[in-house]
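To start, the structure under review is shown below, and the notes come after it.
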Amino acid sequence: YGAAISADYASFTAANAIVETVDKVTDDGGSPQQYLLLVGALRSLSRAEHAPSLTLDSFLLRSLAIAGWAPSFDTCAVTGVTGDHTAFVAQLGGVVSDAVAPPGSPRLDRDTIALMAALLQGDWDVADASAERSRAQASGAVAAYTQFHLERGLRSLQHVERANS
């Protein structure tokens with residue numbers, strides 16, 4: 001997949017972030033699920049099936065889910081109560097109800113939360129139809145969630161093209 005990916009800067013930088021994530025998530029203890037997810041993401045980037053930023057964000061969410069850190073998007077990550085929660089707190093595991101949201105918690109609009117849930121589930125019809133504003137907001141939340149759970153930054157994320165994806 002290298003030639004097709006390296007010919008497009010957005011795909012190249014997304015692929016770098018994907019590979020760096022796999023390296024940190026597996027920590028030299030390979031996982032067949034992580035490997036299959038990696039191959040699928042690189043194949044998707046090489047074929048330009050979706051915007052590179054969507055492929056990356058979907059990969060990050062799914063990789064973390066495989067590692068045991070699946071974020072919650074439909075129930076409060078703290079109380080388990082189902083609701084229309086908009087506070088997203090990476091440290092608490094996803095969306096949380098207003099009752100437990102720390103002061104100043106970032107708020108995501110409903111379209112962004114729906115996009116993030118679609119990326120986790122692989123619902124590409126919803127993801128591909130999402131608005132740029134939702135994609136940008138989701139990318140920031142996914143990056144924060146990923147870096148919190150990996151307990152370190154991903155150096156390659158700073159080079160990922162997010163605008164006009």
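Bear in mind that the values in this text are calculations on the coordinates, not laboratory data. Keep in mind it's a predicted model, so treat the numbers as computed, not measured. Here the Cβ positions follow ideal geometry from the backbone for every residue, glycine too, while neighbour counts run over all protein chains shown.
Residues whose amide H lies under 5 Å from that of residue 79, counting only those 5 or more places away or on a different chain, are 97; hydrogens are built 1.01 Å from N in the peptide plane.
Spin-label pair residue 9-residue 65: with each label point 7 Å from Cα along the Cα-Cβ axis, the two points sit 3.2 nm from one another. Across all directions, the shadow cast by the convex hull of the chain built on its C-alpha atoms averages 9.2 square nanometres. Computed 3J(HN,Hα) for the stretch 107-118, one whole-Hz value per residue from the Karplus formula 6.51 cos²θ - 1.76 cosθ + 1.60 where θ = phi - 60°, is 10, 10, 6, 4, 5, 5, 4, 5, 5, 4, 5, 5, glycine and proline marked x.
Quick one: net charge of residue 111's neighbours, Cβ under 14 Å, K/R +1, D/E -1? In short, -1. Under the 0.36 nm per residue contour assumption, what length would be gained going from the current alpha-carbon distance of residue 110 and residue 48 to full extension? Between residue 110 and residue 48, full extension yields an extra 19.6 nm.
Estimated from helical segments only, the mean residue ellipticity of the chain at 222 nm is -17000 deg cm²/dmol, where each DSSP H run of four or more residues counts as -39500 (n - 2.57).
With +1 assigned to the C-beta of every Lys and Arg and -1 to the C-beta of every Asp and Glu, and no other charges, what is the dipole magnitude of the stretch 1-131 about the Cα centre in debye, to the nearest 20? Kindly include the intermediate steps, with their values, before the conclusion.
On the way: 6 positive and 15 negative charges, 28 e Å.
With only Lys, Arg, Asp and Glu charged at Cβ, the dipole is about 140 debye.
The length gained by stretching the chain between residue 131 and residue 19 to full extension, at 0.36 nm per residue less their Cα-Cα distance, is 37.7 nm. The Cα center of the stretch 126-154 and the Cα center of the stretch 56-124 differ in position by 10 Å. Could you tell me which of rounded, prolate or oblate describes the stretch 1-60, using a ≥ b ≥ c as the square roots of the eigenvalues of the alpha-carbon gyration tensor, with rounded for a/c under 1.5 and, failing that, prolate when a/b is larger than b/c and oblate otherwise? Prolate, since a/c reaches 1.5 and a/b exceeds b/c.
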